[in-house]
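Only one structure is covered here, and it is reproduced in the block below.
The values are calculated or read from the model by the stated rules, or taken from the named source; none is laboratory data. Given the structure is predicted, the values throughout are model-derived calculations rather than measurements. Backbone-built Cβ (ideal geometry, glycine too); neighbour counts: all protein chains shown.
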Amino acid sequence: MSKTLNIAALAGDGIGPEVMREAIKVLRAVERKFSLSLQITEAPVGWAGIDAAGKALPDATLALCKASDAILFGSVGLPDRDPTIPKEERPERAALLRIRKEFGLYANLRPVQLPKALAHACPLRPERQGDGIDILVVRELTGGMYFGQPKKTEDYFHEEPQANADATVLMKRAQRAIDTMVYTTPEIERIAHVAFKVAALRRHKVTSIDKANVLENGVLWRDVVTKVARQYPGVQLEHMFVDNGAMQLVLKPTQFDVLLCENMFGDILSDEAAALAGSLGMLPSASLGKASGELTFGFYEPAGGTAPDIAGKNLANPIAQILSTALMLRYSFGLNDAAHAIESAVGQAIAAGLRTGDIYTPADTAARKVGTREMGDAIAAAI
């Protein structure tokens, strides 16, 4: 490939810089093997951005993202520092949510797979794991309660209950929090098409998650998804309430192929599903925007957080970040062979018994506990 692919690498906070370093190491190995031209430019974001330029998403970082073909993201936020600044300035809102909105990243794809070699890491009994767990969560990213307005906390006065009905009525100051959940037909149609298209390439089943028995949003969601499904006669559609979906993920996860969720439900269920793979450190994600010519702009990040308790200790699992690069090569650049090479290399490292602490158990006598760098080195060497 002669075209230079421009990648913005935003490591962020906590373990972000460590796992990003290993991901870039693997990308360089792929670049050599497949004769690619990758321009990888690093920039601060999150608290790294605040410390460097006074805000979680510095202007220079945003400009870099706009000039790039894809964003490779680490993680942002530090629990001990986040409460020290206003909510709207904290990394989660000021950087992560803003990037999603700025680039129209409406579709989040989070694959959840449990390799047989890591069956011991799954919290479920072997009989519930079946022949293996392979779920793709498709989550709508730019609508719902996370973005709906108004969103605020305000003071109000309420009547204080009195023991004596004839007593003077007392008014007491209190607070109330308001979040607004909004979805439109085009937003639901757009994400539903994504789910049905990927299901057609997998096991041909979409489970649409809603709360149509309580929420008006859920009624509209179910109606629109049902209509979109008619355009995909080869894909089975089932509807499931979110509370039942949460239970079924534990009772029988093998029944699921593609889970289609609105923003908040997808956020919650994708983390629950992630636990089935044994560790968030194993799970990548892709957030996709509109296609432009041959390229689809995307934002790629691991499913886990900053894990500040293990930052800088060579303990973090870099696999989720590394697998996110595979998703980037596949969805943004159409480089399926290169993406497969990364996924195969990860599989080889796992098959060889290499384990970071989050997926290690002493009971597995064939396993060897390794650190962040060692895991990255092994995967890069297997490319």
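Remarks
- Single residue of segment 142-156 satisfying the filter (assigned to a loop (DSSP other than H, G, I, E, B) and not hydrophobic (A, V, I, L, M, F, W, C)) that is farthest from Ile178 (Cα to Cα): Thr142
- Of all residues in segment 258-278 being buried (at least 20 other Cβ atoms within 10 Å of the Cβ) and over 17 Å from Leu141 (Cα atoms), the one that is nearest to the chain's Cα centre (by Cα): Ala274
- Scanning segment 82-118 for residues that are small (Gly, Ala, Ser), surrounded by fewer than 15 Cβ atoms within 10 Å (Cβ to Cβ) and in a helix (DSSP H, G or I) yields a total of 0.
- Across segment 217-251, the qualifying residues are those that are among the charged types (D, E, K, R) and over 24 Å from Asp179 (Cβ atoms), and the one among them that is surrounded by the most Cβ atoms within 10 Å (Cβ to Cβ) is Lys227.
- In summary, Ala121 fulfils each of the numbered conditions (1) aliphatic (A, V, I, L, M); (2) out of contact with any Asp or Glu (no Cβ under 9 Å at 6 or more places or on another chain); (3) touching a residue at least 40 places away in the same chain (Cβ under 8 Å); (4) over 30 Å from Ile99 (Cα atoms) with the single exception of condition (2).
- Checking each residue in segment 339-374 for being β-branched (Val, Ile, Thr) and either closer than 13 Å to Ile322 by Cβ or at pLDDT 90 or above (or both) picks out Ile342, Val346, Ile350, Thr356, Ile359, Val370, Thr372.
- Residue among Glu187, Glu159 that is among the acidic types (Asp, Glu), in contact (Cβ under 8 Å) with a residue 60 or more places away in the chain and outside any loop (DSSP other than H, G, I, E, B): Glu187
- Scope segment 10-42; condition crowded, with 23+ Cβ neighbours inside 10 Å and not in a helix (DSSP H, G or I); matching residues: Leu10, Ala11, Gly12, Asp13, Gly14, Ile15
- Residue that is nearest to the chain's Cα centre (by Cα), among those in segment 5-42 that are of a type in the set (Lys, Arg) and closer than 14 Å to Ile322 by Cα: Arg21
- Filtered residues of segment 121-152 (kept if farther than 24 Å from Lys205 by Cα, surrounded by 14 or more Cβ atoms within 10 Å (Cβ to Cβ) and at pLDDT below 85): Ala121
- The sole residue among Asp13, Asp82 that is touching a strand residue (DSSP E or B) at 6+ places or on another chain (Cβ under 9 Å) and over 21 Å from Tyr331 (Cβ atoms) is Asp13.
- Residue match in segment 299-309 (condition: among the small types (Gly, Ala, Ser), part of a helix (DSSP H, G or I), buried (at least 19 other Cβ atoms within 10 Å of the Cβ) and touching a helix residue (DSSP H, G or I) at 6+ places or on another chain (Cβ under 9 Å)): no
- Arg128 vs. criteria among the basic types (Lys, Arg) and more than 22 Å from Gly16 (Cβ to Cβ): yes
- Among the candidates Val194, Val182, Val198, Val138, residue that is in a strand (DSSP E or B) and either out of contact with any Phe, Trp or Tyr (no Cβ under 8 Å at 6 or more places or on another chain) or in contact (Cβ under 8 Å) with a residue 24 or more places away in the chain (or both): Val138
- Pairs meeting the criteria (first residue in segment 5-24 and on the phi > 0 side of the Ramachandran plot, second residue hydroxyl-bearing (Ser, Thr, Tyr) and assigned to a loop (DSSP other than H, G, I, E, B), beta carbons under 6 Å, at least 6 apart or on different chains) are Gly14/Thr306.
- Taking every residue in segment 295-324 that is more than 26 Å from Pro115 (Cβ to Cβ) and touching a residue at least 60 places away in the same chain (Cβ under 8 Å) and pairing it with any residue that is crowded, with 23+ Cβ neighbours inside 10 Å and among the polar types (S, T, N, Q), at least 6 positions away or on another chain, the pairs with Cβ-Cβ distances below 7 Å are Leu295/Ser332; Phe297/Ser332.
- Per this entry, Val45 is not counted among residues that are surrounded by 23 or more Cβ atoms within 10 Å (Cβ to Cβ), modelled with pLDDT under 95 and either assigned to a helix (DSSP H, G or I) or within 22 Å of the chain's Cα centre (by Cα) (or both).
- Residues that are more than 21 Å from the chain's Cα centre (by Cα) and either crowded, with 20+ Cβ neighbours inside 10 Å or closer than 28 Å to Met282 by Cα (or both), drawn from segment 65-81: Asp80, Arg81
Residue by residue, here is whether (1) in a loop (DSSP other than H, G, I, E, B); (2) in contact with a His (Cβ under 8 Å, 6 or more places away or on another chain); (3) at pLDDT 95 or above; (4) surrounded by fewer than 24 Cβ atoms within 10 Å (Cβ to Cβ) holds:
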| position | (1), (2), (3), (4) |
| --- | --- |
| Gly289 | no, no, no, yes |
| Asn317 | yes, no, yes, no |
| Arg330 | no, no, no, yes |
| Phe333 | yes, no, no, yes |
